[in-house]
Amino acid sequence: MTETKIPTVETQMLIRKPVATVFQAFIDPTITTNFWFTKSSGQLEVGKTTTWEWEMYGVSTKVFVKDIIPNKKISIEWDDTPVTTVDFEFTALTDDTTYVVIKNYGFKETGDDLIQAIQDNTGGFTTVLDGMKAYLEYNLKLNLIGDKFPKEISNHGQ
């Protein structure tokens, strides 16, 4: 029997902070807004839906929290048409270092549309992890998400 591979985006980054700090950065929007979205309707909680906004692009997404295992995993579904699942996995390598893996799967697209979705999500989640690293390790707000698609050269999100 042949095993079917599920198309999955996977990005990862070592963050030089304790796992509880890194985990909380995705749960608490007052932290997350420093490196990812600009506004949130609240903290992530199992069974609840939260809205994330990127005000500079005039877009938002609804995020349904499927599961939270403290300091280990956050699993969400977001309505990034079509709905996909995103898992944030946290591994404490030492008391002061955390390895974060983001997996996005459940794509319904096929062919060129699937390739484009995987490319867009890989780039997006890599940018999120880069911004998170700069913010948590060096307290730098690099504005990576806002600068990814400057309005002067892009119609992204408009």
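The values are calculated or read from the model by the stated rules, or taken from the named source; none is laboratory data. Everything quoted here is computed from the prediction, not taken from an experiment. Counting neighbours? That spans all protein chains shown, and the Cβs are built from the backbone with ideal geometry, glycine included.
Numbers at a glance
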item	result
Residue in region 21-33 that is of a type outside the set (A, V, I, L, M, F, W, C), touching a strand residue (DSSP E or B) at 6+ places or on another chain (Cβ under 7 Å) and part of a strand (DSSP E or B) present	no
Boolean, Asn71 is part of a loop (DSSP other than H, G, I, E, B), of a type outside the set (A, V, I, L, M, F, W, C) and in contact (Cβ under 8 Å) with a residue 24 or more places away in the chain	yes
Residue under evaluation Lys103, criteria (1) among the charged types (D, E, K, R); (2) loosely packed, with under 12 Cβ neighbours inside 10 Å; (3) over 22 Å from Lys39 (Cα atoms), criterion not met	(2)
Glu89 surrounded by fewer than 15 Cβ atoms within 10 Å (Cβ to Cβ), of a type outside the set (Gly, Ala, Ser) and closer than 23 Å to Thr30 by Cβ	no
Residue count, region 15-63 (criterion: among the charged types (D, E, K, R) and closer than 18 Å to Glu89 by Cα)	4
Residues located in region 120-145, provided they are exposed (fewer than 15 other Cβ atoms within 10 Å of the Cβ) and outside any loop (DSSP other than H, G, I, E, B)	Asp120, Gly123, Glu137, Tyr138
Region 9-42, subset among the polar types (S, T, N, Q) and under 15 Å from Lys73 (Cβ atoms), residue nearest to the chain's Cα centre (by Cα)	Gln12
Residue check for Ile69: at pLDDT 95 or above and closer than 25 Å to Glu53 by Cβ	no
Residue list for region 35-49, restricted to those being buried (at least 19 other Cβ atoms within 10 Å of the Cβ) and either under 17 Å from Tyr138 (Cα atoms) or basic (Lys, Arg) (or both)	Phe35, Trp36
Filter pass, Ile74 being touching a Lys or Arg at 6+ places or on another chain (Cβ under 7 Å) and either surrounded by 14 or more Cβ atoms within 10 Å (Cβ to Cβ) or on the phi > 0 side of the Ramachandran plot (or both)	no
Residue list for region 77-115, restricted to those being more than 28 Å from Val46 (Cβ to Cβ), polar (S, T, N, Q) and either at pLDDT 95 or above or in contact with a strand residue (DSSP E or B) (Cβ under 9 Å, 6 or more places away or on another chain) (or both)	Thr94
Of all residues in region 100-119 being outside any helix (DSSP H, G or I) and β-branched (Val, Ile, Thr), the one that is farthest from Lys73 (Cα to Cα)	Thr110
Residue within region 105-117 that is within 14 Å of the chain's Cα centre (by Cα) and either under 22 Å from Lys148 (Cα atoms) or of a type outside the set (Phe, Trp, Tyr) (or both) present	no
Number of the exception - Gln43 against (1) more than 23 Å from Ile6 (Cα to Cα); (2) assigned to a loop (DSSP other than H, G, I, E, B); (3) modelled with pLDDT under 95	(3)
